[in-house]
Amino acid sequence: MVDVFTRTVGLRYLFIGASGFSKLVNAISIVGLALGIMLMIVVASVFNGLTDERRDRLLRAVPHAFLPTEHFTTAQIQEIESMPRVTSVQREFHGMSFVRGGDGVAITVDLIGIDLEAGAAQKLRFVEGELSTDGAINQVALSRDLASRLGLSVDDRLDLTFVAPTPNGLKTQTATYVIAALFRFMTEVDAGSAFVGIDSIEGTPLEVTGKLGWNVSVTDPFQVAEVFTNDSRIVTWIDKYGEAFRAYQLERSAMYILMTLVLMLASFNIIAGQAMLINVKRSDIAILTTIGASRRQLLGAFALQGGLIILTGIMLGLVLGFLIADNINVIFDTFDELLGVTILEQSTFEELPSRIALWDVIGAVAIAVVLGSIALVRPLRLALIESPVYALNRAT
């Protein structure tokens, strides 16, 4: 329990009894700590939102599992389709082709044949035209950015060049497609992809240029290996794109380290403010000691004063962090209007996603408390090591 003496001295020295410069440093300590907490919450929330959005987009754009027809019969696929954790099974073709850009440079394109009759084209966000069962058999959909690089638009013809193995070696084949639609890509994976109806591939010479199989979706993509018991014949999204997801986690870890360094800088201000206050109040400490104040009471008074600085900074940072994280898009829209530009114009996001996670808030508060407590150790030791007699003689 904090006694009356400790509480009175600690509250008095918070701002009233401090020197002008100490008050300024204390105020800077509170603001610095608040800004550190605020930045940690806001940046963590944006990272959470971006990671979740990129992960969800990636899992919508790629197969959770791809089962090649060379390894699975129709009967086996029907058994897999009836599994409780499997949500859909659709035919799909994965291949690669080359196209000539407007500058004559060959561009590699991931060619994906989808089952139009099963509604596979619905996952594409078309901005112009569409892939439909009523269209021509040789119809293709490109991302808007890829079409711009090629200098093409809807209804233009596109020559796709394939490399096919033959008994005499590799041989190129060319197929002409009509651009039926342009879509807005969701991730870097589908940015360089071309989607065609699988009927234009299956049963044609182009079939040997890639792999036919089934695109299998499951309820929890992170447990796809458990669903198929790590079957080596199956290619999962983790096998192909797991590194991309791990990169998202690495970015988040690096962010936490940087934000912790910001909080450390704020803690240095607490050390400076407390040290200067104690240095100014050496004579007061000596007088209080000679009239009967115990070391525990003096230690408690200065610890209370420093603790209130930490508590005030944390509370202020939490309030600002929650407000900014909840209204991040309103703030971005305001900057867009003031600057006359759209900050997210060149990105794939229509708005900046943000998600406040409870453990991020708890982590930020815990780091601030630990660093702030460590910052108080050295100044508190200074208040107790000096002899009262020496301090009073020096004051006189």
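Highest mean packing first, where packing is the average number of other Cβ atoms within 10 Å per residue, the peptides 258-270, 297-309, 236-248 line up as 297-309, 258-270, 236-248. The distance from the alpha carbon centre of the stretch 52-124 to that of the stretch 299-339 is 46 Å, rounded to a whole number. Shown is the FRET efficiency for V377 and E351, computed with R0 = 41 Å from the Cβ-Cβ distance and rounded to the nearest 0.05: 0.35. Each label point was placed 7 Å from the Cα along the Cα-to-Cβ direction; for T73 and E251 their separation is 4.6 nm.
Quotient of the Cα radius of gyration of the stretch 178-269 and 2.2 N^0.38 Å, N being its number of residues: 1.72.
Length gained on full extension, I331 to S294, computed as 0.36 nm times the residue gap minus the Cα-Cα distance: 8.1 nm. Projecting each Cα onto the charge dipole of the stretch 37-155 (Lys/Arg +1, Asp/Glu -1 at the beta carbon, about the Cα centre), which of M38, V99, G129 comes out farthest on the positive side? Ranked along the dipole, the leading option is M38.
For the stretch 80-200, the dipole from Cβ point charges (+1 on Lys and Arg, -1 on Asp and Glu) about the Cα centre works out to 260 debye, to the nearest 20. A simple count of charges around S153, restricted to other residues whose Cβ falls under 10 Å of its Cβ and scoring Lys, Arg +1 and Asp, Glu -1, yields -2. Take the Cβ atoms of D156 and L358, set R0 to 56 Å, and the FRET efficiency comes out at 0.65.
Between T166 and R125, the FRET efficiency estimated from the beta carbon spacing at R0 = 25 angstrom works out to 0.05. Normalising by residue count, the stretch 157-232 has a Cα convex hull of 160 Å³ per residue.
Please express the Cα-Cα pair-distance distribution P(r) of the stretch 34-173 as a list of whole percents, one per 10 Å bin, running from 0 to the bin with the greatest distance. Computed distribution, short to long bins: 8, 26, 30, 21, 10, 3, 0, 0. Net charge in the neighbourhood of Q223 (other residues with Cβ under 15 Å of its Cβ; Lys, Arg +1, Asp, Glu -1) is -2.
Taking a straight Cα-Cα cut-off under 16 Å and skipping sequence neighbours fewer than 8 places away in the same chain, the aspartates and glutamates within cross-link reach of K211 are E70, E92, D110, D115, D199, E202. Scaling against 2.2 N^0.38 Å puts the C-alpha radius of gyration of the stretch 113-189 at 1.23.
Readers should treat all values here as calculations from the given coordinates under stated rules, not as data from a laboratory. Here the structure is a predicted model, which means the values were calculated and not measured. Heads up, the Cβs are rebuilt from the backbone with ideal geometry, glycines too, and the neighbour counts pull from every protein chain shown.
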